[in-house]
1. What pairs can you find where one residue is in the stretch 327-338 and farther than 13 Å from Ile382 by Cα and among the aromatic types (Phe, Trp, Tyr), the other is crowded, with 17+ Cβ neighbours inside 10 Å and at pLDDT 85 or above, and their Cβ atoms are less than 6 Å apart, with a gap of 6+ or different chains?
2. Could we say that Ala31 is surrounded by fewer than 19 Cβ atoms within 10 Å (Cβ to Cβ) and modelled with pLDDT of 85 or more here?
3. Looking at Val137, Val121, Val195, can you tell me which residue is without any contact (Cβ under 8 Å) to a residue 60 or more places away in the chain, within 21 Å of Gly83 (Cβ to Cβ) and not aromatic (Phe, Trp, Tyr)?
4. Quick check on Thr104: is it of a type in the set (Ser, Thr, Tyr) and either closer than 27 Å to Leu225 by Cβ or at pLDDT below 90 (or both)?
5. Just a yes or no: is a residue in the stretch 319-333 in contact with a Gly (Cβ under 9 Å, 6 or more places away or on another chain), among the charged types (D, E, K, R) and surrounded by fewer than 20 Cβ atoms within 10 Å (Cβ to Cβ)?
6. Would you call Ala199 of a type in the set (A, V, I, L, M) and assigned by TED's automatic domain parsing to the domain that holds Asn48?
7. Return the residue satisfying two criteria in turn: it lies in the stretch 121-175 and is buried (at least 22 other Cβ atoms within 10 Å of the Cβ) and among the aromatic types (Phe, Trp, Tyr), and of such residues it is farthest from Val35 (Cα to Cα).
8. Exactly one of these conditions fails for Ala430: (1) of a type outside the set (Phe, Trp, Tyr); (2) part of a helix (DSSP H, G or I); (3) in contact with a Pro (Cβ under 9 Å, 6 or more places away or on another chain). Give me its number.
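The values are calculated or read from the model by the stated rules, or taken from the named source; none is laboratory data. Keep in mind it's a predicted model, so treat the numbers as computed, not measured. When we count neighbours, we look across all protein chains shown, and the Cβ atoms used for this are built from the backbone with ideal geometry, even at glycine.
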Amino acid sequence: MTTDAESSTRLEEEVTSLSGGARRPGWGALAIVMVGTFITVLDYFITNVAVPAIQADLGATHAQSQLVIVGYGVAFTAGMITGGRLGDLYGRRRMFSLGMLGFTLASGLCAVAQDADALIVFRVLQGAAAALMVPQVLGILGVVYTGAARARAFVVYGLVVGLAGVFGQVIGGALISVDVAGLDWRTIFLINLPVGVVALVLTPRLIPESRGAQGGRLDLAGVVLATVTLAAVVLALIEGQERDWPLWTWLLLVAAVPLGAGFIAHQRRRTRKGLSPLIDLELFRSRRFSVGLAAMLTYFLAMGSFFFLLALYLQQGRGLSPAEAGLVFLTLGGGYFGSSLLSTRLAERLGHRLYAAGPLTLAAGYVLVGLTARWLGTDGHILWLLAPLIVAGVGMGMTTGPLTGAVLAGVDGEHAAAASGAANTVQEGAVAIGVAVVGTVFFPALGEAAAPEDYPHAFGVGLIPLVVFCLASSVIVRFMRSRGERLGS
(Lines give C-alpha, C1' and ligand atoms only; values in the text may rest on other atoms or scores of the structure.)
Protein backbone atom coordinates (compact mmCIF):
# COMPACT_ATOMS: atom_id res chain seq x y z
CA MET A 1 0.00 0.00 0.00
CA THR A 2 1.30 3.47 -0.79
CA THR A 3 1.40 6.32 1.69
CA ASP A 4 -1.25 9.06 1.73
CA ALA A 5 1.21 11.60 0.36
CA GLU A 6 2.24 9.34 -2.53
CA SER A 7 -1.40 8.56 -3.28
CA SER A 8 -2.36 12.23 -3.30
CA THR A 9 0.48 13.13 -5.68
CA ARG A 10 -0.32 10.27 -8.05
CA LEU A 11 -4.05 11.00 -8.00
CA GLU A 12 -3.51 14.62 -8.93
CA GLU A 13 -1.23 13.58 -11.79
CA GLU A 14 -3.82 11.03 -12.92
CA VAL A 15 -6.58 13.62 -13.10
CA THR A 16 -4.41 16.08 -15.00
CA SER A 17 -3.36 13.51 -17.59
CA LEU A 18 -6.78 11.98 -18.08
CA SER A 19 -8.63 15.25 -18.32
CA GLY A 20 -6.26 16.41 -21.02
CA GLY A 21 -5.00 19.55 -19.36
CA ALA A 22 -3.08 20.98 -16.46
CA ARG A 23 -5.84 23.09 -15.01
CA ARG A 24 -7.04 21.90 -11.61
CA PRO A 25 -10.81 21.30 -11.59
CA GLY A 26 -12.95 23.77 -9.67
CA TRP A 27 -16.00 23.10 -7.54
CA GLY A 28 -18.25 22.40 -10.52
CA ALA A 29 -17.37 18.70 -10.37
CA LEU A 30 -18.44 18.61 -6.73
CA ALA A 31 -21.74 20.32 -7.53
CA ILE A 32 -22.63 17.82 -10.27
CA VAL A 33 -21.83 14.67 -8.31
CA MET A 34 -23.72 16.06 -5.32
CA VAL A 35 -26.79 16.38 -7.53
CA GLY A 36 -26.49 12.66 -8.27
CA THR A 37 -26.04 11.88 -4.58
CA PHE A 38 -29.01 13.99 -3.52
CA ILE A 39 -31.58 12.61 -5.94
CA THR A 40 -30.64 8.95 -5.36
CA VAL A 41 -30.76 9.24 -1.56
CA LEU A 42 -33.91 11.37 -1.80
CA ASP A 43 -35.67 8.66 -3.81
CA TYR A 44 -34.78 6.14 -1.10
CA PHE A 45 -36.92 8.07 1.41
CA ILE A 46 -39.41 10.14 -0.59
CA THR A 47 -41.50 7.16 -1.69
CA ASN A 48 -42.45 6.34 1.91
CA VAL A 49 -44.66 9.42 1.96
CA ALA A 50 -46.31 8.54 -1.36
CA VAL A 51 -47.36 4.98 -0.45
CA PRO A 52 -50.99 5.84 0.50
CA ALA A 53 -51.46 7.83 -2.73
CA ILE A 54 -49.94 5.02 -4.83
CA GLN A 55 -52.24 2.46 -3.19
CA ALA A 56 -55.29 4.60 -3.87
CA ASP A 57 -54.38 5.39 -7.52
CA LEU A 58 -52.99 2.04 -8.69
CA GLY A 59 -54.94 -0.26 -6.37
CA ALA A 60 -51.65 -1.60 -5.01
CA THR A 61 -51.77 -4.20 -2.27
CA HIS A 62 -49.75 -3.77 0.90
CA ALA A 63 -47.14 -6.24 -0.41
CA GLN A 64 -46.86 -4.38 -3.73
CA SER A 65 -46.50 -1.06 -1.93
CA GLN A 66 -43.63 -2.48 0.10
CA LEU A 67 -41.95 -3.79 -3.04
CA VAL A 68 -42.03 -0.30 -4.55
CA ILE A 69 -39.72 0.72 -1.72
CA VAL A 70 -37.84 -2.55 -1.21
CA GLY A 71 -37.16 -3.10 -4.93
CA TYR A 72 -35.27 0.18 -5.17
CA GLY A 73 -33.35 -0.42 -1.96
CA VAL A 74 -32.28 -3.98 -2.83
CA ALA A 75 -31.14 -3.10 -6.36
CA PHE A 76 -29.35 0.01 -5.06
CA THR A 77 -27.47 -1.78 -2.29
CA ALA A 78 -26.70 -5.02 -4.15
CA GLY A 79 -25.26 -3.32 -7.22
CA MET A 80 -22.86 -0.78 -5.75
CA ILE A 81 -19.74 -2.95 -5.49
CA THR A 82 -20.17 -3.85 -9.16
CA GLY A 83 -20.89 -0.22 -10.05
CA GLY A 84 -17.70 0.87 -8.32
CA ARG A 85 -15.60 -1.69 -10.18
CA LEU A 86 -17.11 -0.63 -13.52
CA GLY A 87 -16.00 2.93 -12.77
CA ASP A 88 -12.42 1.81 -12.07
CA LEU A 89 -12.33 -0.22 -15.30
CA TYR A 90 -14.18 1.94 -17.81
CA GLY A 91 -14.08 5.46 -16.42
CA ARG A 92 -15.82 7.05 -13.44
CA ARG A 93 -17.25 9.96 -15.38
CA ARG A 94 -18.58 7.61 -18.06
CA MET A 95 -20.27 5.34 -15.52
CA PHE A 96 -21.63 8.35 -13.61
CA SER A 97 -23.19 9.65 -16.83
CA LEU A 98 -24.64 6.26 -17.75
CA GLY A 99 -26.04 5.90 -14.25
CA MET A 100 -27.57 9.38 -14.40
CA LEU A 101 -29.09 8.64 -17.80
CA GLY A 102 -30.56 5.35 -16.59
CA PHE A 103 -31.86 6.94 -13.39
CA THR A 104 -33.53 9.77 -15.32
CA LEU A 105 -35.18 7.42 -17.82
CA ALA A 106 -36.33 5.05 -15.05
CA SER A 107 -37.78 8.01 -13.12
CA GLY A 108 -39.79 8.94 -16.18
CA LEU A 109 -41.06 5.37 -16.50
CA CYS A 110 -42.05 5.36 -12.80
CA ALA A 111 -44.00 8.57 -13.34
CA VAL A 112 -46.11 7.05 -16.17
CA ALA A 113 -46.57 3.56 -14.66
CA GLN A 114 -50.15 2.35 -15.09
CA ASP A 115 -50.16 -0.47 -12.55
CA ALA A 116 -48.31 -1.48 -9.41
CA ASP A 117 -46.31 -4.32 -11.00
CA ALA A 118 -44.92 -1.99 -13.67
CA LEU A 119 -43.99 0.56 -11.01
CA ILE A 120 -42.10 -2.13 -9.06
CA VAL A 121 -40.09 -3.11 -12.16
CA PHE A 122 -39.25 0.52 -12.94
CA ARG A 123 -38.19 1.13 -9.35
CA VAL A 124 -35.78 -1.82 -9.55
CA LEU A 125 -34.32 -0.30 -12.74
CA GLN A 126 -34.06 3.04 -10.98
CA GLY A 127 -32.18 1.43 -8.08
CA ALA A 128 -29.81 -0.39 -10.45
CA ALA A 129 -29.02 2.89 -12.21
CA ALA A 130 -28.39 4.55 -8.85
CA ALA A 131 -25.99 1.70 -7.99
CA LEU A 132 -24.00 2.50 -11.12
CA MET A 133 -23.91 6.24 -10.44
CA VAL A 134 -23.39 6.62 -6.69
CA PRO A 135 -20.07 4.71 -6.24
CA GLN A 136 -18.48 7.03 -8.77
CA VAL A 137 -19.22 10.02 -6.53
CA LEU A 138 -16.72 9.22 -3.78
CA GLY A 139 -14.29 7.88 -6.37
CA ILE A 140 -14.41 11.13 -8.35
CA LEU A 141 -14.06 13.25 -5.21
CA GLY A 142 -11.05 11.21 -4.07
CA VAL A 143 -9.32 11.67 -7.42
CA VAL A 144 -10.27 15.23 -8.36
CA TYR A 145 -9.61 16.88 -4.99
CA THR A 146 -6.60 16.56 -2.71
CA GLY A 147 -5.58 17.81 0.71
CA ALA A 148 -7.86 20.36 2.36
CA ALA A 149 -10.06 20.55 -0.75
CA ARG A 150 -10.74 16.82 -0.52
CA ALA A 151 -11.65 17.12 3.17
CA ARG A 152 -14.14 19.91 2.35
CA ALA A 153 -15.59 17.86 -0.51
CA PHE A 154 -16.25 14.89 1.79
CA VAL A 155 -17.88 17.20 4.32
CA VAL A 156 -20.22 18.46 1.59
CA TYR A 157 -20.94 14.86 0.62
CA GLY A 158 -21.95 14.03 4.19
CA LEU A 159 -24.09 17.15 4.35
CA VAL A 160 -25.94 16.23 1.16
CA VAL A 161 -26.54 12.61 2.24
CA GLY A 162 -28.05 13.73 5.52
CA LEU A 163 -30.15 16.53 4.08
CA ALA A 164 -31.51 14.25 1.34
CA GLY A 165 -32.65 11.80 4.01
CA VAL A 166 -34.14 14.54 6.18
CA PHE A 167 -35.80 16.45 3.36
CA GLY A 168 -37.16 13.38 1.57
CA GLN A 169 -40.24 13.41 3.74
CA VAL A 170 -40.58 17.21 3.53
CA ILE A 171 -40.34 17.37 -0.26
CA GLY A 172 -42.54 14.32 -0.80
CA GLY A 173 -45.25 15.61 1.51
CA ALA A 174 -45.18 19.06 -0.12
CA LEU A 175 -45.38 17.73 -3.70
CA ILE A 176 -48.28 15.42 -2.92
CA SER A 177 -50.12 18.11 -0.95
CA VAL A 178 -49.78 20.69 -3.74
CA ASP A 179 -50.83 18.08 -6.36
CA VAL A 180 -49.30 19.88 -9.36
CA ALA A 181 -51.56 19.53 -12.44
CA GLY A 182 -53.41 16.68 -10.74
CA LEU A 183 -50.33 14.45 -11.06
CA ASP A 184 -50.44 13.48 -7.37
CA TRP A 185 -47.64 11.00 -6.44
CA ARG A 186 -46.16 11.02 -9.94
CA THR A 187 -44.52 14.39 -9.29
CA ILE A 188 -41.99 12.79 -6.91
CA PHE A 189 -40.50 11.02 -9.94
CA LEU A 190 -41.05 13.75 -12.52
CA ILE A 191 -38.86 16.24 -10.62
CA ASN A 192 -35.88 14.01 -11.40
CA LEU A 193 -36.21 14.58 -15.14
CA PRO A 194 -35.09 18.22 -15.49
CA VAL A 195 -32.43 17.69 -12.81
CA GLY A 196 -31.06 14.66 -14.66
CA VAL A 197 -31.01 16.39 -18.04
CA VAL A 198 -29.08 19.40 -16.71
CA ALA A 199 -26.59 17.13 -14.93
CA LEU A 200 -26.04 15.08 -18.09
CA VAL A 201 -25.30 18.22 -20.12
CA LEU A 202 -22.83 19.61 -17.57
CA THR A 203 -21.04 16.39 -16.58
CA PRO A 204 -18.58 16.20 -19.54
CA ARG A 205 -17.77 19.88 -19.11
CA LEU A 206 -17.10 19.89 -15.39
CA ILE A 207 -15.90 16.40 -14.42
CA PRO A 208 -12.54 15.06 -15.68
CA GLU A 209 -12.39 11.42 -16.64
CA SER A 210 -10.41 9.03 -14.44
CA ARG A 211 -10.04 5.28 -14.01
CA GLY A 212 -7.86 2.69 -12.35
CA ALA A 213 -4.39 2.20 -13.79
CA GLN A 214 -4.42 -1.61 -13.94
CA GLY A 215 -7.35 -2.17 -16.28
CA GLY A 216 -8.46 -5.78 -16.79
CA ARG A 217 -11.85 -7.37 -17.39
CA LEU A 218 -14.95 -7.32 -15.28
CA ASP A 219 -15.22 -10.34 -12.98
CA LEU A 220 -18.65 -11.60 -14.05
CA ALA A 221 -18.72 -14.51 -11.62
CA GLY A 222 -17.83 -12.08 -8.83
CA VAL A 223 -20.63 -9.78 -9.97
CA VAL A 224 -23.18 -12.59 -9.68
CA LEU A 225 -21.91 -13.78 -6.28
CA ALA A 226 -21.71 -10.27 -4.79
CA THR A 227 -25.11 -9.20 -6.14
CA VAL A 228 -26.93 -12.36 -5.05
CA THR A 229 -25.32 -12.30 -1.60
CA LEU A 230 -26.15 -8.66 -0.91
CA ALA A 231 -29.64 -8.97 -2.40
CA ALA A 232 -30.37 -11.98 -0.17
CA VAL A 233 -29.28 -10.17 2.99
CA VAL A 234 -31.04 -6.87 2.28
CA LEU A 235 -34.27 -8.43 0.99
CA ALA A 236 -34.47 -10.79 3.98
CA LEU A 237 -33.90 -8.01 6.49
CA ILE A 238 -36.34 -5.54 4.96
CA GLU A 239 -39.11 -8.01 4.20
CA GLY A 240 -38.53 -10.04 7.38
CA GLN A 241 -39.33 -7.05 9.56
CA GLU A 242 -42.41 -6.21 7.48
CA ARG A 243 -43.79 -9.77 7.30
CA ASP A 244 -43.00 -10.99 10.82
CA TRP A 245 -40.02 -13.10 9.74
CA PRO A 246 -41.45 -15.92 7.61
CA LEU A 247 -39.29 -19.02 7.00
CA TRP A 248 -38.04 -17.87 3.58
CA THR A 249 -36.39 -14.78 5.08
CA TRP A 250 -34.35 -16.97 7.43
CA LEU A 251 -33.43 -19.28 4.56
CA LEU A 252 -32.16 -16.28 2.59
CA LEU A 253 -30.00 -15.16 5.52
CA VAL A 254 -28.59 -18.67 5.94
CA ALA A 255 -27.89 -18.95 2.20
CA ALA A 256 -26.05 -15.62 2.26
CA VAL A 257 -23.29 -17.12 4.45
CA PRO A 258 -21.94 -19.69 1.94
CA LEU A 259 -22.58 -17.26 -0.91
CA GLY A 260 -20.49 -14.60 0.82
CA ALA A 261 -17.76 -17.12 1.62
CA GLY A 262 -17.77 -18.22 -2.01
CA PHE A 263 -17.40 -14.62 -3.16
CA ILE A 264 -14.37 -14.06 -0.91
CA ALA A 265 -12.76 -17.33 -2.00
CA HIS A 266 -13.37 -16.42 -5.64
CA GLN A 267 -11.76 -13.01 -5.19
CA ARG A 268 -8.70 -14.57 -3.55
CA ARG A 269 -8.40 -17.14 -6.33
CA ARG A 270 -8.49 -14.47 -9.04
CA THR A 271 -5.89 -12.40 -7.21
CA ARG A 272 -3.53 -15.41 -6.93
CA LYS A 273 -3.88 -16.02 -10.67
CA GLY A 274 -3.09 -12.39 -11.46
CA LEU A 275 -6.62 -11.72 -12.72
CA SER A 276 -8.59 -8.56 -11.90
CA PRO A 277 -10.98 -9.17 -8.94
CA LEU A 278 -14.25 -7.35 -8.47
CA ILE A 279 -12.86 -5.78 -5.30
CA ASP A 280 -9.22 -6.05 -4.32
CA LEU A 281 -9.10 -7.69 -0.90
CA GLU A 282 -5.78 -5.92 -0.33
CA LEU A 283 -7.90 -2.88 0.49
CA PHE A 284 -8.89 -4.55 3.74
CA ARG A 285 -5.27 -4.87 4.83
CA SER A 286 -5.42 -1.14 5.45
CA ARG A 287 -6.34 -0.62 9.11
CA ARG A 288 -7.95 2.71 8.32
CA PHE A 289 -10.18 1.23 5.63
CA SER A 290 -11.23 -2.04 7.28
CA VAL A 291 -11.76 -0.66 10.80
CA GLY A 292 -13.28 2.47 9.30
CA LEU A 293 -15.89 0.41 7.45
CA ALA A 294 -16.82 -1.25 10.75
CA ALA A 295 -17.21 2.20 12.32
CA MET A 296 -19.34 3.34 9.38
CA LEU A 297 -21.50 0.23 9.68
CA THR A 298 -22.31 0.81 13.35
CA TYR A 299 -22.82 4.55 12.78
CA PHE A 300 -25.24 4.14 9.86
CA LEU A 301 -27.10 1.41 11.77
CA ALA A 302 -27.93 4.18 14.22
CA MET A 303 -28.47 7.04 11.78
CA GLY A 304 -30.64 5.71 8.94
CA SER A 305 -33.02 3.71 11.13
CA PHE A 306 -33.72 6.78 13.28
CA PHE A 307 -35.55 8.42 10.35
CA PHE A 308 -37.81 5.36 10.15
CA LEU A 309 -38.47 5.33 13.90
CA LEU A 310 -39.08 9.08 14.18
CA ALA A 311 -41.53 9.06 11.25
CA LEU A 312 -43.59 6.29 12.92
CA TYR A 313 -43.66 8.14 16.23
CA LEU A 314 -44.64 11.50 14.75
CA GLN A 315 -47.29 10.30 12.30
CA GLN A 316 -48.85 7.32 14.06
CA GLY A 317 -48.08 8.17 17.65
CA ARG A 318 -48.68 11.92 17.56
CA GLY A 319 -51.09 12.05 14.62
CA LEU A 320 -49.07 14.49 12.50
CA SER A 321 -49.56 14.62 8.74
CA PRO A 322 -46.58 13.86 6.47
CA ALA A 323 -46.12 17.58 5.86
CA GLU A 324 -46.27 18.39 9.60
CA ALA A 325 -43.87 15.57 10.42
CA GLY A 326 -41.59 16.92 7.71
CA LEU A 327 -41.43 20.27 9.48
CA VAL A 328 -40.24 18.50 12.64
CA PHE A 329 -37.59 16.76 10.55
CA LEU A 330 -36.37 20.20 9.48
CA THR A 331 -35.14 20.75 13.04
CA LEU A 332 -32.99 17.65 12.75
CA GLY A 333 -31.76 18.97 9.41
CA GLY A 334 -30.91 22.33 10.95
CA GLY A 335 -28.57 20.77 13.49
CA TYR A 336 -27.09 18.55 10.78
CA PHE A 337 -26.51 21.48 8.41
CA GLY A 338 -24.90 23.67 11.05
CA SER A 339 -22.45 21.10 12.39
CA SER A 340 -21.58 19.91 8.87
CA LEU A 341 -20.51 23.43 7.95
CA LEU A 342 -18.37 23.63 11.09
CA SER A 343 -16.93 20.12 10.87
CA THR A 344 -13.75 21.23 9.09
CA ARG A 345 -12.95 23.68 11.89
CA LEU A 346 -13.88 21.08 14.47
CA ALA A 347 -11.49 18.65 12.81
CA GLU A 348 -8.68 21.20 13.07
CA ARG A 349 -9.30 21.55 16.81
CA LEU A 350 -10.22 17.99 17.75
CA GLY A 351 -8.26 16.00 15.15
CA HIS A 352 -9.13 12.30 15.18
CA ARG A 353 -11.17 12.83 18.37
CA LEU A 354 -13.93 14.31 16.18
CA TYR A 355 -14.78 10.86 14.81
CA ALA A 356 -15.45 9.62 18.35
CA ALA A 357 -17.17 12.81 19.54
CA GLY A 358 -19.73 12.78 16.72
CA PRO A 359 -21.35 9.42 17.57
CA LEU A 360 -21.26 10.30 21.28
CA THR A 361 -23.14 13.53 20.56
CA LEU A 362 -25.65 11.56 18.48
CA ALA A 363 -26.12 9.08 21.34
CA ALA A 364 -26.76 11.97 23.75
CA GLY A 365 -29.32 13.39 21.33
CA TYR A 366 -31.13 10.07 21.10
CA VAL A 367 -31.26 9.75 24.89
CA LEU A 368 -32.70 13.26 25.18
CA VAL A 369 -35.22 12.58 22.40
CA GLY A 370 -36.40 9.37 24.07
CA LEU A 371 -36.69 10.91 27.55
CA THR A 372 -38.52 13.95 26.18
CA ALA A 373 -41.00 11.77 24.25
CA ARG A 374 -41.75 9.77 27.41
CA TRP A 375 -42.24 13.00 29.37
CA LEU A 376 -44.53 14.50 26.72
CA GLY A 377 -46.80 11.46 26.53
CA THR A 378 -49.62 12.07 24.09
CA ASP A 379 -50.64 15.57 25.24
CA GLY A 380 -47.36 17.50 25.58
CA HIS A 381 -46.51 20.03 22.89
CA ILE A 382 -44.27 18.63 20.17
CA LEU A 383 -42.10 21.77 20.26
CA TRP A 384 -40.36 20.38 23.37
CA LEU A 385 -38.86 17.74 21.10
CA LEU A 386 -37.06 20.23 18.85
CA ALA A 387 -34.03 20.95 21.06
CA PRO A 388 -33.12 17.25 21.51
CA LEU A 389 -33.51 16.76 17.76
CA ILE A 390 -31.06 19.59 17.14
CA VAL A 391 -28.52 17.80 19.36
CA ALA A 392 -29.02 14.58 17.38
CA GLY A 393 -28.65 16.47 14.10
CA VAL A 394 -25.40 18.05 15.32
CA GLY A 395 -24.02 14.59 16.07
CA MET A 396 -24.94 13.37 12.58
CA GLY A 397 -23.30 16.36 10.93
CA MET A 398 -20.12 15.89 12.96
CA THR A 399 -19.79 12.30 11.78
CA THR A 400 -21.18 11.51 8.32
CA GLY A 401 -18.87 13.46 6.01
CA PRO A 402 -15.70 13.52 8.17
CA LEU A 403 -15.81 9.79 8.93
CA THR A 404 -16.39 8.90 5.27
CA GLY A 405 -13.47 11.10 4.26
CA ALA A 406 -11.18 9.56 6.86
CA VAL A 407 -12.01 6.01 5.74
CA LEU A 408 -11.34 6.70 2.05
CA ALA A 409 -8.44 9.14 2.39
CA GLY A 410 -5.72 6.48 2.13
CA VAL A 411 -7.21 4.47 -0.76
CA ASP A 412 -5.12 4.28 -3.95
CA GLY A 413 -6.56 6.06 -6.98
CA GLU A 414 -6.82 2.86 -9.01
CA HIS A 415 -9.28 1.44 -6.45
CA ALA A 416 -11.13 4.68 -5.67
CA ALA A 417 -14.53 3.78 -7.10
CA ALA A 418 -14.40 0.15 -5.93
CA ALA A 419 -13.56 1.29 -2.38
CA SER A 420 -16.34 3.86 -2.48
CA GLY A 421 -18.69 1.16 -3.75
CA ALA A 422 -17.85 -0.90 -0.67
CA ALA A 423 -18.34 2.15 1.57
CA ASN A 424 -21.69 2.98 -0.06
CA THR A 425 -22.78 -0.64 0.28
CA VAL A 426 -22.00 -0.50 3.99
CA GLN A 427 -23.99 2.73 4.33
CA GLU A 428 -27.11 1.55 2.55
CA GLY A 429 -26.93 -2.00 3.94
CA ALA A 430 -26.63 -0.60 7.46
CA VAL A 431 -29.86 1.34 6.97
CA ALA A 432 -31.71 -1.88 6.07
CA ILE A 433 -30.17 -3.82 8.95
CA GLY A 434 -30.87 -0.95 11.36
CA VAL A 435 -34.52 -0.79 10.39
CA ALA A 436 -34.82 -4.56 10.87
CA VAL A 437 -33.21 -4.36 14.33
CA VAL A 438 -35.36 -1.42 15.38
CA GLY A 439 -38.48 -3.20 14.14
CA THR A 440 -37.78 -6.27 16.26
CA VAL A 441 -37.59 -4.03 19.34
CA PHE A 442 -40.13 -1.31 18.58
CA PHE A 443 -43.16 -3.33 17.42
CA PRO A 444 -43.19 -5.85 20.32
CA ALA A 445 -42.90 -2.90 22.74
CA LEU A 446 -45.80 -1.23 20.94
CA GLY A 447 -48.10 -4.23 21.27
CA GLU A 448 -50.94 -5.37 19.06
CA ALA A 449 -53.29 -2.58 20.11
CA ALA A 450 -50.84 0.11 18.92
CA ALA A 451 -52.77 2.87 20.69
CA PRO A 452 -51.31 6.41 20.60
CA GLU A 453 -50.48 6.27 24.31
CA ASP A 454 -48.25 3.20 23.64
CA TYR A 455 -45.98 5.00 21.16
CA PRO A 456 -43.84 7.09 23.58
CA HIS A 457 -42.75 3.97 25.45
CA ALA A 458 -42.12 1.95 22.26
CA PHE A 459 -40.26 4.89 20.72
CA GLY A 460 -37.95 5.10 23.72
CA VAL A 461 -37.32 1.35 23.70
CA GLY A 462 -36.59 1.46 19.96
CA LEU A 463 -33.91 4.09 20.56
CA ILE A 464 -31.94 1.84 22.94
CA PRO A 465 -30.17 -0.23 20.24
CA LEU A 466 -29.44 3.00 18.33
CA VAL A 467 -27.66 4.42 21.36
CA VAL A 468 -25.67 1.19 21.63
CA PHE A 469 -24.68 1.43 17.96
CA CYS A 470 -23.50 5.02 18.46
CA LEU A 471 -21.37 4.06 21.44
CA ALA A 472 -19.90 1.13 19.50
CA SER A 473 -18.98 3.42 16.60
CA SER A 474 -17.32 5.87 18.98
CA VAL A 475 -15.16 3.06 20.36
CA ILE A 476 -14.32 1.46 16.99
CA VAL A 477 -13.02 4.69 15.40
CA ARG A 478 -10.31 4.85 18.06
CA PHE A 479 -8.68 1.80 16.41
CA MET A 480 -8.65 3.26 12.88
CA ARG A 481 -5.24 4.84 13.07
CA SER A 482 -1.84 3.34 13.61
CA ARG A 483 0.46 4.84 16.22
CA GLY A 484 1.51 8.33 15.17
CA GLU A 485 -0.92 8.47 12.21
CA ARG A 486 -3.25 11.45 11.83
CA LEU A 487 -6.65 10.64 10.40
CA GLY A 488 -8.32 12.79 7.81
CA SER A 489 -5.05 13.96 6.31
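1. Tyr336/Gly393; Tyr336/Met396; Tyr336/Gly397
2. In short, yes.
3. Values: Val137 fails: without any contact (Cβ under 8 Å) to a residue 60 or more places away in the chain; Val195 fails: without any contact (Cβ under 8 Å) to a residue 60 or more places away in the chain.
Unique residue meeting the criteria: Val121.
4. For Thr104, the condition - of a type in the set (Ser, Thr, Tyr) and either closer than 27 Å to Leu225 by Cβ or at pLDDT below 90 (or both) - is not met.
5. Within the stretch 319-333 (the criterion being in contact with a Gly (Cβ under 9 Å, 6 or more places away or on another chain), among the charged types (D, E, K, R) and surrounded by fewer than 20 Cβ atoms within 10 Å (Cβ to Cβ)), the answer is yes, since at least one residue qualifies.
6. Values: of a type in the set (A, V, I, L, M): yes; assigned by TED's automatic domain parsing to the domain that holds Asn48: yes.
The answer is yes for Ala199.
7. Selected residue: Phe122.
8. (3)
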